[in-house]
Structures are given as C-alpha cells and as structure tokens.
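**Student:** Can you keep this structure in mind? I'll have questions shortly.
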Amino acid sequence: MHNASILLIEDDAALAELLLEELEAESYRVRHAGSAEQARSELAQEVPDLVISDVRLPGADGLSLLPLVKGLEPAPAMLIITAFGTVSQAVAALKAGADDFLTKPFDMDHCLLTVARLLEHRGLRQQLDQVLKGERFHGILGQSLPMRRLFQQIRQVAGAEGPVLVLGESGTGKELVARALHRESARAGGPFLAVNCAGIPGELLESEFFGHASGAFTGASKARTGLLREADGGTLLLDEIGEMPLELQAKLLRVLQEGTLRPVGSDRELTVNVRIIAATHRDLEQKVAQGSFREDLFYRLETFSLRVPPLRERGEDIERLALLFLQQGRERGGKPVRGFGPDCLELFYRYPFPGNVRELQNAVERALVFCEEEWIQPAHLPARMLKPAAALQAGPADWQGKAREQLPPLSELQRDYVRYVLQQTKGNKQQAAEILGVTRRTLYRWLEQEGA
C-alpha cells in the first residue's frame, strides 16, 4: 500500500532517522513525533493509515495512546516497538488493540514486511467495512444496477395489497425479497410466515393451509388453525408455488378473490386478511400450458411480479458477497485468511453460478476449511468451478449446427452477448459499451428492455 501515511512515534533520534529513511524509501508518507503529547497533536491534525510507536516515551508510554488511535475513524493500524519486550508486554499490547509487536533490535527487512502486511490488512478491512456498510435493503446486500432496480420495485409493490409473484432461479434469495416486501408494507407489524409447498406431503397440504376441525379425520384429535389464519393481518410466503396440487390451487384462488376459507371438516366460512407472496424458479406459463397450473390463479398472482436477478448478472456484487461470506466464516472459525487471490476473484466473475448466491456462500465456506494460506486460491474452491475456461465462459448460445426451427432470434443472441461482455468487464458498463461499440445510454436501454 504505497503512498500510505504513517505516524512514527519514537524518542530515539538515531532510530527515528533510520526508520524515516527506510519508510520513505518505500514511498510511504511519514510524520514523526518524539513524545506522546506531540503524537496526540499530530493525530488531531490527520488520521494516518498506520501508527508505529515505541512503548517507552517521554511523559507517557505508547500503550496509553492505543485507545486514542483505535478510536479514530477510520482506525489506523498500530505497530508497537520496544527494547524492553517481554511476552507479557506483547500480550498486553495485543489485547489492548495493537495489531503487531516488534522487539528492538529488530531486522529492518522484517519490520518493512510487517508494515506492508499491516497496511494491506487495514486496506482489506476498510474494503470489507465498505461492503458491510454499503447498500443493504432489509438484509439484502446489493449495489449493482439490477439490485437497485429490484429494491425500488419492492418499495413500489409493497404499498399495494394484492398478491405478489417472485420469480428467480434457485439460490437467488427469493425469500429475502418476500421478507423485504413484508417489512416495507403496512403489514410489517403483523406475522410473516413462509412455507415450502414442495416440502409438505400432499395429504396434509389442505390441513396445513386451511386448518381443520377437531375430529375432521383420523388423528385430528384437536382443531388446527392453519397457516392462512396464523398469518392473518400479515404475509404468507408460498415458496415453490408451482408444486401445489391443482385442487388446492382452486381453494387458494378463492381465498385471494373472496378473503374467506373453510377449514377441513368444518361447515363454517371464516374471514381471513392475509397477503400472499408466491415464489418459484419454475416457468409457470409453461406449467399452465401443460395443464399443471391453473391459468386463472397464474394471472391473479402475476398482477405484481418481481424478478430476482441471478448472481451472474450482478457485476461487482459477486465480490461484495464473497467478502461478506468470508468475514462471516472468519468470525465463526477464527481462521486468519486475509482474502481472495486475484485468480480466485477472476474465476468468480467468469463462473456462471447456477446455484447463485447460495452456491457462492457454500464455495467460500468450503474454501475457508481447506485454505491453509493467507489468501484463498482457485484450488480451494469446489472442483466444478475449476473447469477449463471455455466451459466457464457464459458466452452466446451455440447456434451453429442447429435445425432451422431451433435457430434463436437475433434479439436473443444480442442479449446473451451483452451479458457475456458485462461478465468479462465485471459489470463495468462504460467498458462494456466501448467493447460493444455503442453509447452507454444505448447499453442501459438494452438492459432496461430485458429487465436486467
């Protein structure tokens, strides 16, 4: 981290001169203070990237400056040096917040390597802090254009009262979008329930959703409220709505249209006030054509539909999410992994991530287990991500050799190529526009047309 600023706090004139000369030779900007009092004055004028402080100083020791240094924003890294180093003193310095500890006399090359490492680590920490403090919408991390557009759509749709259909590939975070819709709506104070329609046995589905009266069937020893009534006044997420049986779809449609339901085994109609959010990675229009999904229910749900973009379309969000998962993994396991090597990040941008955000999270967790180095490398990732480059490039569809009726329209080839170029430029719209030979305004118009 050249051109970084360093505050050197050292009362030994000869050592201070040597350190100043060596550090400035490495292109660092160095200021010098000969006492704790002078150091306080320097810190008040400018926050450095690194503080190097002797322990024994005129008037006060260097450790007394630690609370001041670590209380600055952004907090500098701090390296303690002393001729009176002991193990207990080193432990005390590290516990107080120092980042490292050197004992005089020290090897200058080792000192310079330590300085470079601390500055690099601080840069990574600042990068992560920016990620964690960045654009987060009800727990969803995303600063790319497709995600910002999705957040705006959530705000708009949340104010309506009708059902919402959330579309997206597996692992894109459809449940997080549903929770954001709930929190943005007037129902935020009510319950939010989520159920996977594919995870409930068919014979229990109706009872789970609508409840049942006592004695309605064998084993029904007491009445059950049902999910729709449990979510009364709030929101019910029906994940994998495409797996719901046709008979139950008809009863759900009645709830949406009339706001009433009848528990299994009951002769009473009950009123319910619940907002339905349906989510799926399936093509519901295709299921309608196949006769496995009701057309009237589809159109009722589709009144408000949101598309969650796949990870491969989210540009630099990939790196932001990877850093977030890395930080979470370090906090759980305590491994001193510092970050991702450049080859690893390049692979992330080229890999299509069919499992989306969930796959990225699992890949980072795996890498932390197998990484015994400071930096995660491609070798630490799942084998499927290490296929030859040609297999990883999500380029235009292979149309050569296809039958006439299988040839794609030009608009589809253009869409795929634009996405490919955006992947190669890591989401940089200006670079992508230059490669495509169009203005940035034209590129944005294309992306608007495809809803990306």
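**Student:** Over 21 Å between Cα atoms: which of 335/387; 95/335; 174/387 fall into that group?
**Tutor:** Listed pairs above 21 Å: 335/387; 174/387.
**Student:** Go through 352, 328, 342 and say which Cα lies farthest out towards the positive end of the charge dipole of region 318-369; charges sit on Cβ, +1 for Lys and Arg, -1 for Asp and Glu.
**Tutor:** Comparing the listed Cα positions along the dipole, 328 ranks first.
**Student:** At q = 0.10, 0.20, 0.21 Å⁻¹, what is the base-10 log of I(q)/I(0) for region 5-132 according to the Debye formula with one equal point scatterer per Cα and no solvent? Please give it to two decimals.
**Tutor:** The Debye formula, applied to the Cα set alone, gives -0.28, -1.20, -1.34.
**Student:** If the convex hull of the alpha-carbon atoms of region 316-392 is projected onto planes in all directions, what is the mean projected area in square nanometres? Let's see the in-between values first.
**Tutor:** Numbers: hull surface 18.2 nm².
For region 316-392, averaging the hull's shadow over all directions gives 4.6 nm².
**Student:** Continuing with this model, one more query. Taking the number of other C-beta atoms within 10 Å as the exposure measure, put 274, 47 in order starting with the fewest.
**Tutor:** 47, 274
**Student:** By how many degrees, 0 to 90 and rounded to 10, does the Cα axis of helix 108-132 deviate from the longest principal axis of the chain?
**Tutor:** Approximately 30 degrees, to the nearest 10.
**Student:** Then there's this: Just report the Cα centroid separation between region 4-57 and region 142-173, whole Å.
**Tutor:** Result: 51 Å between the Cα centres.
**Student:** Rank the residues 111, 344 as a footprinting-exposure proxy: fewest other Cβ atoms within 10 Å of their Cβ go first.
**Tutor:** Numbers: 111 18, 344 22.
In increasing order of surrounding Cβ atoms, one gets 111, 344.
**Student:** I would also like to ask the following. Let me know the charge dipole size of the chain about its Cα centre in debye, to the nearest 20, where only the beta-carbon of Lys, Arg (+1) and Asp, Glu (-1) is charged.
**Tutor:** My answer is approximately 1700 debye.
**Student:** What is the ratio of the Cα radius of gyration of the chain to 2.2 N^0.38 Å, where N is its residue count, to two decimals?
**Tutor:** Rounded to two decimals, the normalised Rg is 1.31.
**Student:** Could you give me the ³J(HN,Hα) list for region 338-346, computed from phi with Karplus coefficients 6.51, -1.76, 1.60 and θ = phi - 60°, whole Hz, x at Gly and Pro?
**Tutor:** Karplus-based 3J(HN,Hα) across region 338-346 equals 8, x, 9, x, x, 5, 5, 5, 4 Hz.
**Student:** Where does each of 411, 53, 266 land when they are ranked from fewest to most other beta-carbon atoms within 10 angstrom?
**Tutor:** 411, 266, 53
**Student:** So how far, in whole Å, is the C-alpha centre of region 262-278 from the one of region 325-344?
**Tutor:** For region 262-278 versus region 325-344, the Cα centre distance is 48 Å.
Since every read-out is calculated from the coordinates, none of them should be taken as a lab result. Here the structure is a predicted model, which is why all the values come from computation and not from measurement. For neighbour counting, all protein chains shown are included, and Cβ atoms are generated from backbone atoms with ideal geometry for every residue, glycine included.
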